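Asker: Handing you this structure, nothing more for now.
The values are calculated or read from the model by the stated rules, or taken from the named source; none is laboratory data. Being a predicted model, the structure only gives us computed values, none of them experimental. All Cβ positions, even for glycine, are placed from backbone atoms using ideal geometry, and neighbour counts span all protein chains on display. Note: accessible area is taken over every heavy atom of the protein model, side chains too, but ligands, DNA and RNA are not part of it. Shrake-Rupley method; radii C 1.70, N 1.55, O 1.52, S 1.80 Å.
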Amino acid sequence: MGNLKLTSVTKSFGALTVLHDIDLTIDNGKFVVFVGPSGCGKSTLLRIIAGLEDISGGGIEIGGRDVVHLSPAERKIAMVFQSYALYPHMSVRKNLAFGLENLKFKRSEIDARIAEAARMLALEPYLDRKPRQLSGGQRQRVAIGRSIVRNPDIFLFDEPLSNLDAALRVQTRAEITRLHRQLKTTMIYVTHDQVEAMTMADEIVVLNGGRIEQVGTPLELFDKPRNLFVAGFLGSPRMNILKGKVVAVGETGVTVDVGYGVPLQARIDPAAVAAGQAVLLGIRPAHFAVGGEGLPFVVQYHESLGTETYVYGTFEGSEEQVIVHQAGHFAPERGALLRIMPQPGRMHVFDPDSGLALPRAIEERSAAHEHA
Ligand SMILES: Nc1ncnc2c1ncn2[C@@H]1O[C@H](COP(=O)(O)OP(=O)(O)O)[C@@H](O)[C@H]1O
Ligand SMILES: [Mg+2]
């Protein structure tokens, strides 16, 4: 047991480097989610941790022990894949037993572990069935069961719910979370589904192009993305980005002109910017107040989801689409002009060159902390 520590891990396939200098520590017992776009290196990183793939450089320690040259079994790691890869000709019981029999476990120990895993995953009624006699969700529970009986120090999951339909995904998601609460074993879970990431993780690691963009709790990443990539990746629909220019620097923030004759107040550290500087403002769809004074927003269309409505449109005279969220029913006509105002304190400000978030004003930082 113990912490998992990756130090400057790199991985290349021939001339192609797919992981660059990954530094990451995962505390024992945590549920950590790797997210990022397809091809960013999530599976490769997981396979490297498992010992299924060699590293090209750097180090891996588990509980202070160098594991670089150890096999997956020696690392005490079990992995669950998207495809369940069950043995079709074996019963569920036999599928669960198989790995332990190969490791020459005693029959009584095997039976006890299968009984425990079957109880946890509600698989008792299906132990004598073949995989083809199970639903997709039940098959995936067997695959998870196969990793549980091995009693690993770390569980790795690579998009385990991708093959399930929407309702089963929600249910199995809750089951895995419950399993983690019961077992209190470190779990590393790969997904490109941000709802899974937000709802399951103690900590999220955002990957992009083989690099770590940010590590933090779901709400830390949502409330304080450190750059444009993280800001755009988490949150659905995505954050609106407006081009602007700092026109005045005050004591507790700055005034930004985004056009349309409506100056906006952003609470960032005044020491971090100069008047005249170009910035990008990030505003999530839910963080506009509709009505009163505000930016002139022309409605294109809306999507009513029953409990909430997304309104799509543009600022008057602009081409770029902006998305506004409203709770409940709201049905503005196409072409209607609305006034929308970003909520003070919920605006994110980025440097257009580096893409980095500019530091918040001091009181904002502590307020955001209380909020989280
Ligand atoms: N065995 C391999 N040989 C060559 N390239 C690979 C191999 N495995 C993965 N890659 C490449 O590494 C990159 C990361 O892949 P992967 O880790 O599977 O991404 P993700 O799981 O985030 O979608 C991709 O560009 C992929 O094509
Ligand atoms: Mg993958």
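Asker: Using modelled amide H (1.01 Å from N, peptide plane; none on Pro or chain starts), what sits under 5 Å from the amide H of Arg360, excluding residues fewer than 5 places away?
Answerer: Amide H neighbours of Arg360: Asp269.
Asker: Something else now. Taking only Cα atoms, what is the 0 to 90° angle, nearest 10, from helix 107-120's long axis to the longest principal axis of the chain?
Answerer: On a 0 to 90 degree scale, this one is about 30.
Asker: Evaluate Rg over Rh across the chain, taking Cα atoms for both radii and Kirkwood's formula for Rh.
Answerer: Ratio value, two decimals: 1.06.
Asker: Now for a different question. For Thr17, put the label point 7 Å out on the Cα→Cβ axis and report which residues of the stretch 204-239 keep their amide N under 16 Å from it.
Answerer: 208-213
Asker: While we're looking at this one, here's another question. Pop out the ³J(HN,Hα) list for the stretch 325-334 in order, Karplus 6.51 cos²θ - 1.76 cosθ + 1.60 with θ = phi - 60°, rounded to Hz; leave Gly and Pro as x.
Answerer: So the J values, rounded to whole Hz, are 9, 10, 6, x, 7, 7, 9, x, 5, 4.
Asker: Please tell me the relative contact order of the stretch 268-343 in percent, rounded to the nearest whole number, where contacts are Cα pairs under 8 Å and at least six residues apart.
Answerer: This gives 38 percent for the stretch 268-343.
Asker: State the Kirkwood hydrodynamic radius of the stretch 49-163 in Å, one decimal place, computed from all pairs of distinct Cα atoms.
Answerer: Radius from the Kirkwood sum: 15.1 Å.
Asker: Ignoring everything but the protein chains, give the 1.4 Å probe accessible area of Asp27 in square angstrom, nearest 10.
Answerer: Near enough 70 Å² of accessible area.
Asker: Write down the Å³ per residue value for the convex hull defined by the alpha carbon atoms of the stretch 4-226.
Answerer: That works out to 128 Å³ per residue.
Asker: Which order do you get for Arg211, Arg75, Arg129 if you rank them by accessible area with a 1.4 Å probe, largest at the top?
Answerer: Per-residue accessible area, sorted high to low, gives Arg211, Arg129, Arg75.
Asker: When the accessible area of the stretch 4-226 is split by element with a 1.4 Å probe, what percent falls to carbon and sulfur?
Answerer: Carbon with sulfur: 49 percent of the solvent-accessible area.
Asker: Also, I was wondering about something else. Roughly what would the spin-label model give for Ser83 and Glu333, points 7 Å off Cα along C-beta, in nm?
Answerer: Here the answer is 5.6 nm between the modelled labels.
Asker: Starting from 0 in steps of 5 Å, tell me what percent of the Cα-Cα pairs of the stretch 97-170 lands in each bin.
Answerer: Distribution as computed: 3, 15, 24, 24, 21, 9, 3, 1 percent.
Asker: Note the count of lysine pairs whose C-alpha atoms are less than 25 angstrom apart in the chain, limited to pairs 8 or more residues apart or on different chains.
Answerer: The number of close lysine pairs in the chain is 26.
Asker: Next question. Which value, in Å², gives the accessible area per residue of the stretch 281-364 when a 1.4 Å probe is used on the protein heavy atoms?
Answerer: About 49 Å² of surface per residue is accessible.
Asker: Just the ratio, please: alpha-carbon radius of gyration of the stretch 121-161 over 2.2 N^0.38 Å, N its number of residues.
Answerer: For the stretch 121-161, the normalised Cα radius of gyration comes out at 1.21.
Asker: At 1.002 mPa s and 20 °C, plugging the Kirkwood radius over alpha-carbon pairs of the stretch 42-82 into Stokes-Einstein gives what diffusion coefficient in µm²/s?
Answerer: Value of D from the Cα-based Kirkwood radius: 203 µm²/s.
Asker: No solvent, one uniform scatterer per C-alpha: report log10 I(q)/I(0) for the stretch 64-121 via the Debye equation at q = 0.20, 0.24, 0.28 1/Å, two decimals.
Answerer: -0.93, -1.13, -1.24
Asker: In degrees from 0 to 90, rounded to the nearest 10, what is the angle of the helix 92-102 Cα long axis to the longest principal axis of the chain?
Answerer: The answer is roughly 70 degrees.
Asker: Just to verify a number: FRET efficiency for Glu308 and Ala122, C-beta to C-beta distance, R0 = 30 Å, to 0.05?
Answerer: About 0.35, to the nearest 0.05.
Asker: Would you calculate the convex hull of the Cα atoms in the stretch 221-372 and tell me its volume per residue in Å³?
Answerer: 114
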